[in-house]
Amino acid sequence: MATSAPVASRRSFLAGSALVAGELVIGFGISPTAEAAAADELRPNAFLRIDSAGAIVLAVPYAEMGQGTLTAAAQLVAEELEVPLDRVRAELAPGDDVLYANPLLGGQITGGSASIRAGWTQMRGAAAAARTVLIEAAAKQWSVSPATCHAEAGEVLHLPSGRRLAYGALVNAASRQAVPKEPKLKTGPFSVIGKPAARVDTPAKVNGTAKFGIDVSLPGMRHAAVANCPIIGGRLDGVDEAPALAVKGVKQVVKLGNAVAVVAEHGGAARKGLAVLSPRWSGSDAPSTTSMVKAYDAAMARSGVAAERKGDTAKAEAAATATYEETYRLPMLAHAAIEPINCTVSVKSDSCELWLGSQVPGRARKAAAAATGLPVEKVKVNSYLIGGGFGRKLEVDFIAQAVAIGKAAGVPVKIVWGREEDIRNDAFRYHHHSRIRVGLDAKGMPTSWHHKLVAPGVMFRFLPIFTKDNVDLDDVDDAASPYSIPNVFVEYVREDPPEGLLAGNWRGVGATRNTVAVECVIDELARRAKVDPVDYRRRLLDPKSRIARVLDRVASESGWTQPLPERHGRGVAIVSAFGSHIGMVAEVELDAQGAVSVKKITSAIDTGHIVNPTIVRQQIEGGIVFGLSAVLYGEITVERGRVMQTNFHDYKVLRMNEMPEVRVALIDSTEEPGGVGEPGTSIVAPAVLNALRAVGGPRLTSLPLPLAMVHRA
């Protein structure tokens, strides 16, 4: 999702402290609204705890799904507390949409590559507040000025006298100090931030002790397997329960409006019981990929809403020497995370407790409250590691189902969807069509840019603060391009999916969709102007801009001007998104049979201040894998109202032997950190398509690559 509409004042620290069971607890946060800040409202969104033994525990409000948030957040806190990274234990915070709100997104949301962008000030501020009260407590004890003391290696030192006290010895006194609302942050040089520290979650994941949501086990817990209605928007008409109840270990069959679940003593019995059921479903056979694409083509003929306007594109087109127009069509995609949908729930008459990995644990809490009828404060959500989210676990559609099954079971029950259920009932990235018309001068340079796009209004449902004047701001993210074009018009047409099909956020969100059309059109314009694609882009950028610097760097790192082997070609693309600026050069081979293989990808990124360079590189690499999988294989199709793909055999992801060589160059910057989880995904498609064109392939205007170029199931 776009995060271009921050809702917080980054300077409005509101903090408090309390002594709880011998521990100093620092609440910290940023008011999610300017109004709240003005009202001086206390709304901490995470908690830093230092106990009398000196142990430092950071409750991280954001999900950990492999992106390294626990590590980077711990680095921010360790830096401000002046302790080594291994002195900070990072743990996942429970669900609370108020206490743990992301200041950029307005709720406890892990998405939009926004966690460290939010935490840069938020978490450092928390730790700085703790450091401040610890120093003040020591100074008071020594009857000296706090200005003569400083923190170092988990202690407070009084330099003139050489006295020192460990943090643990100060927590009682520090808890009685007033927490500063505007704690002073370090300005550098940094000793922990910017260092390639090992990830704090790696040991547990290597030795098998790490706990994901699907690993939850409770005393007396039962297991549930679920069959959702295979027809989009369909219903359960009925089912004969007897075959399932005859399976040893099966306890009950739970019938829901659009699903049926088998509850058993263990997962094997639940799945076996589900397999022998023959549910009767009803619904419409009408939705299909063909009808959806036709609907989008028809929507392109409608007048849209102006999302961005600069100059006069109509006048510029009329005066143009030539015009260029192309339409791009992107397919539906699934998230296909390794860990499928799961949730463990215990429903009682006066309370409800959930155990799961969620990108929105606060929303999960509210969803469970709504499903049970309990007040939200009677619902507790325990957060676990996530085995891949990519936006799927931003949704809570399965929470009400889990609560209903848990309520029927009367005991704690773990609900796990099979892989097929997960693929067929995803919160899909829906279709996206772009038509770009460009007016050109005599040298082939653009004088006008009209980007008309058709997309679903996901943000109207998911995060209304990212809508404005009937425009989904994520849908139009980066549609205007990063280039200096005098006349620009971005026109938005909202076209939602058929009823019952859930459209959601997918890694890279708006930037991923629009960058394909933008960067492929620019590349084609360069070709028509007979100008090198890198030089053509340079002519359209402010040479002092960060994105221009990125373009130069990626050209240099990739050896852009160096000769290539026969049948090899290079393609370039750039984008500014998620607060970062990234460039990518893909090298592909087109063999004699017309098959494509991606050989090498070089990327350069200016993501502002880098907290952990190793994690930044890993995120770009992971984003490339995810995005390249979609380029080669990604397509969800619908026939007769049913999703046709079910598992990794027909919804493939990139395999190790298909992985190209990847090189990631990091550009030094002192700007505030940008996001790194999604830029790599957002740009790989146009880089590959442009490389394919450079080697003599066709100008593809849809994804994934044709079957003739790459084998899909």
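Applying the set (1) in contact with a strand residue (DSSP E or B) (Cβ under 8 Å, 6 or more places away or on another chain); (2) part of a helix (DSSP H, G or I); (3) modelled with pLDDT of 95 or more to ALA204 leaves exactly one unmet item: (1). When each of LEU48, LEU42 is tested for being modelled with pLDDT under 95, over 30 Å from GLY457 (Cα atoms) and open to solvent by 20 Å² or more (accessible area, probe 1.4 Å), the lone residue that passes is LEU42.
Mind listing just one residue for me: the one in the stretch 207-237 that is of a type in the set (D, E, K, R) and farther than 25 Å from GLY95 by Cα and, of those, surrounded by the fewest Cβ atoms within 10 Å (Cβ to Cβ)? In this case the residue turns out to be ASP237. Whenever a residue of the stretch 511-522 is under 18 Å from VAL493 (Cβ atoms), its partners that are β-branched (Val, Ile, Thr), lying with C-beta atoms within less than 8 angstrom and at least six residues away or across chains, give the pairs ASN514/VAL476; ALA517/ILE436; VAL518/ILE436; VAL518/VAL575. Does ASP523 satisfy the criteria of being part of a helix (DSSP H, G or I) and over 24 Å from the mean Cα position of the chain (by Cα)? Spelling it out, ASP523 is indeed part of a helix (DSSP H, G or I) and over 24 Å from the mean Cα position of the chain (by Cα). Can you pull out every residue in the stretch 179-205 that is more than 15 Å from GLY68 (Cβ to Cβ) and without any contact (Cβ under 8 Å) to a residue 40 or more places away in the chain? Listed by number, the residues that qualify are THR187, GLY188, PRO189. Filter the stretch 155-170 down to the residues that are touching a strand residue (DSSP E or B) at 6+ places or on another chain (Cβ under 6 Å) and farther than 19 Å from LEU85 by Cα, then identify the one that is surrounded by the most Cβ atoms within 10 Å (Cβ to Cβ). Step by step, filter the stretch 155-170, then rank; the result is HIS158.
Scanning the stretch 670-710 for residues that are open to solvent by 30 Å² or more (accessible area, probe 1.4 Å) and either among the aromatic types (Phe, Trp, Tyr) or touching a residue at least 24 places away in the same chain (Cβ under 8 Å) (or both) yields THR670, GLU671, GLU672, ARG693, ALA694, VAL695, GLY696, ARG699, THR701, SER702, ALA708.
Got a number for residues in the stretch 124-154 being surrounded by 20 or more Cβ atoms within 10 Å (Cβ to Cβ) and charged (D, E, K, R)? Number satisfying all stated conditions: 3. When the residues of the stretch 328-354 are narrowed to those that are hydroxyl-bearing (Ser, Thr, Tyr) and surrounded by 19 or more Cβ atoms within 10 Å (Cβ to Cβ), which ends up farthest from GLU635 (Cα to Cα)? Looking at the filtered set, the residue picked out is SER346. Can you tell me how many residues in the stretch 526-568 are of a type in the set (A, V, I, L, M) and not in a loop (DSSP other than H, G, I, E, B)? So the count comes out to 9.
Yes/no matrix, rows are residues, columns are (1) without any contact (Cβ under 8 Å) to a residue 12 or more places away in the chain; (2) in a helix (DSSP H, G or I); (3) open to solvent by 20 Å² or more (accessible area, probe 1.4 Å); (4) in contact with a Phe, Trp or Tyr (Cβ under 8 Å, 6 or more places away or on another chain):
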| residue | (1), (2), (3), (4) |
| --- | --- |
| ILE615 | no, yes, no, no |
| GLY634 | no, no, no, yes |
| LYS652 | no, no, yes, yes |
| ARG663 | no, no, yes, no |
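Does LEU502 fit the bill of being touching a strand residue (DSSP E or B) at 6+ places or on another chain (Cβ under 9 Å) and closer than 26 Å to ASP285 by Cα? Yes, satisfied. Determine whether ARG513 is at pLDDT 95 or above and over 24 Å from LEU628 (Cβ atoms). Against the criterion (at pLDDT 95 or above and over 24 Å from LEU628 (Cβ atoms)), ARG513 does not qualify. For the stretch 696-711, the count of residues that are over 25 Å from HIS432 (Cα atoms) and touching a Gly at 6+ places or on another chain (Cβ under 9 Å) is at least one. Suppose the filter is modelled with pLDDT of 95 or more and assigned to a strand (DSSP E or B); does VAL254 pass it? Judged against the criteria, VAL254 is a match. Hey, any hits in the stretch 188-200 for a residue that's open to solvent by 70 Å² or more (accessible area, probe 1.4 Å), more than 17 Å from TYR384 (Cβ to Cβ) and either polar (S, T, N, Q) or over 25 Å from the mean Cα position of the chain (by Cα) (or both)? Within the stretch 188-200 (the criterion being open to solvent by 70 Å² or more (accessible area, probe 1.4 Å), more than 17 Å from TYR384 (Cβ to Cβ) and either polar (S, T, N, Q) or over 25 Å from the mean Cα position of the chain (by Cα) (or both)), the answer is yes, since at least one residue qualifies.
Whether any residue in the stretch 579-587 is open to solvent by less than 50 Å² (accessible area, probe 1.4 Å), on the phi > 0 side of the Ramachandran plot and touching a helix residue (DSSP H, G or I) at 6+ places or on another chain (Cβ under 6 Å) is what I want to check. Within the stretch 579-587 (the criterion being open to solvent by less than 50 Å² (accessible area, probe 1.4 Å), on the phi > 0 side of the Ramachandran plot and touching a helix residue (DSSP H, G or I) at 6+ places or on another chain (Cβ under 6 Å)), the answer is yes, since at least one residue qualifies.
GLN108 - would you say it is more than 20 Å from ALA197 (Cβ to Cβ), in contact (Cβ under 8 Å) with a residue 40 or more places away in the chain, open to solvent by less than 10 Å² (accessible area, probe 1.4 Å) and out of contact with any Ser or Thr (no Cβ under 6 Å at 6 or more places or on another chain)? The answer is yes for GLN108. Scanning the stretch 271-290 for residues that are in contact (Cβ under 8 Å) with a residue 60 or more places away in the chain, of a type in the set (S, T, N, Q) and open to solvent by 30 Å² or more (accessible area, probe 1.4 Å) turns up just one, SER284.
Counting only strands (runs of 3 or more DSSP E) wholly contained in the stretch 395-474, the ones carrying 2 or more residues that are more than 30 Å from LYS251 (Cα to Cα), open to solvent by less than 10 Å² (accessible area, probe 1.4 Å) and in contact with a Pro (Cβ under 8 Å, 6 or more places away or on another chain) occupy 432-440. Within the stretch 306-316, the set of residues being over 10 Å from PHE489 (Cα atoms), open to solvent by 40 Å² or more (accessible area, probe 1.4 Å) and of a type in the set (A, V, I, L, M) is empty. Contact annotation: residue pairs with Cβ atoms under 7 Å, 6 or more positions apart or on different chains, pairing a residue in the stretch 323-340 that is assigned to a loop (DSSP other than H, G, I, E, B) with a partner that is among the acidic types (Asp, Glu), are PRO331/GLU635; ALA334/ASP426; HIS335/ASP426; PRO340/ASP422.
If I filter the stretch 381-388 for residues that are in contact with a Phe, Trp or Tyr (Cβ under 9 Å, 6 or more places away or on another chain), closer than 22 Å to GLY112 by Cα and either polar (S, T, N, Q) or open to solvent by 30 Å² or more (accessible area, probe 1.4 Å) (or both), do I get at least one hit? The answer is yes; a qualifying residue exists.
The values are calculated or read from the model by the stated rules, or taken from the named source; none is laboratory data. These numbers come from a predicted model, not from an experiment. In this analysis, Cβ positions are derived from the backbone assuming ideal geometry, glycine residues included, and neighbour counts consider all displayed protein chains. What goes into the accessible areas is simple: the full protein's heavy atoms, side chains included, and nothing from ligands, DNA or RNA. Shrake-Rupley method; radii C 1.70, N 1.55, O 1.52, S 1.80 Å.
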